[in-house]
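Remarks on the structure that follows.
Read the figures in this text as sums done on the coordinates, not as results from a lab. Only a predicted model underlies this, so the values are computations on that prediction, with no experimental measurement involved. With ideal geometry, Cβ positions are generated from the backbone for all residues, glycine too; neighbour counts draw on all protein chains shown.
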Amino acid sequence: MSVAGVVLAAGAGRRMGQPKAGVVLDGTPLVRRAAAVLMDGGCTPLGVVVGAAADRTTALLDGLDVRVLHNPAWDAGMATSVEVALRWAGDTGADAVMLLPVDTPGIGAAVVRRLVGTWQDVHDTEEVAGVVPTYDGRPRNPVVLGAAVLDEVVGALEGDSGARGWVAANGHRLRMVACADVGDPTDLDTPADLARWSAHPPDQT
């Protein structure tokens, strides 16, 4: 029972002033941090979708056992990166895939382990298509999608919403898992966000 892991790291980070993949937090670039989280949480194989600053992002992954997934249409929105991720995951033969945005450093290996473990418990339940973490009752990232629904999700992708629309429309087919005790899904969009996070990082495992 394998859950592939993919870091979505193709954006230009215009509000941040640089691609977020290369933003350094606690001495580690966010893209390398996210890949390590998926690895430590039990995901395999691993992929990273790159687009803006692709060469630099790829260099930051040096030494890690990850597949670099190029998205030439990255500027058209998050949906294009999610499609690249899902098509690759489908080709790997993995039973499911976890999608982790690069700019969510509060999601650590504990969240990933909980979601992977839940999928392993429910994957043979026909009506369960994936696993979604909730924080204070709200569904957020990272999402686990079963291999059987990947083509369906690709067909529902649009713009910058990624898989959000499909998840919202299919809540009855998803297992919701409370994760507020082990993670924080806050994304870092601006230098001010980064400064606040650096000053007051949340506890995580």
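State the Kirkwood hydrodynamic radius of the stretch 51-97 in Å, one decimal place, computed from all pairs of distinct Cα atoms.
Value: 11.8 Å, from the Cα pair sum.
In the stretch 84-125, how does Rg compare with the Kirkwood Rh, expressed as the Rg/Rh ratio over alpha carbon atoms? List each step's numbers first, then the result.
Working: Rg = 11.8 Å, Rh = 11.8 Å.
Using only Cα positions, Rg/Rh for the stretch 84-125 is 1.01.
Hey, got the dipole for the chain? About the Cα centre, +1 on K and R Cβ, -1 on D and E Cβ, debye to the nearest 20?
Computed charge dipole of the chain: roughly 380 debye.
Identify which of Gly137, Gly77, Gly13 has the largest mean-square fluctuation in a Gaussian network model of the chain, with springs joining Cα atoms closer than 10 Å.
Gly137
GNM on the chain, C-alpha springs below 10 Å: top fluctuator among Gly130, Gly93, Gly47?
Gly93
Where is the GNM fluctuation largest for the chain (alpha-carbon springs, 10 angstrom cutoff): Gly41, Gly117, Gly106?
Highest fluctuation of the listed residues: Gly117.
Given Leu145, Val24, Leu86, which one lies farthest toward the positive end of the charge dipole of the chain, if we put +1 on the Cβ of every Lys and Arg and -1 on the Cβ of every Asp and Glu?
Val24
Using the Kirkwood formula on the Cα atoms of the chain, what hydrodynamic radius do you get, in angstrom to one decimal?
Answer for the chain: a Kirkwood hydrodynamic radius of 16.7 Å.
Using the alpha carbon gyration tensor of the stretch 88-151, what are the three equivalent-ellipsoid semi-axes (square root of 5 times each eigenvalue), largest first, in whole Å?
After scaling each eigenvalue by five and taking roots: 20, 14, 10 Å.
Give me the orientation-averaged projected area of the Cα convex hull of the stretch 44-163, in nm², one decimal.
On the way: hull surface 31.7 nm².
For the stretch 44-163, averaging the hull's shadow over all directions gives 7.9 nm².
Could you list, bin by bin from short to long, the percent of Cα-Cα pairs of the stretch 155-200 in 5 Å steps?
Going out from 0 Å in 5 Å bins, the stretch 155-200 shows 4, 16, 14, 16, 19, 15, 11, 4, 0 percent.
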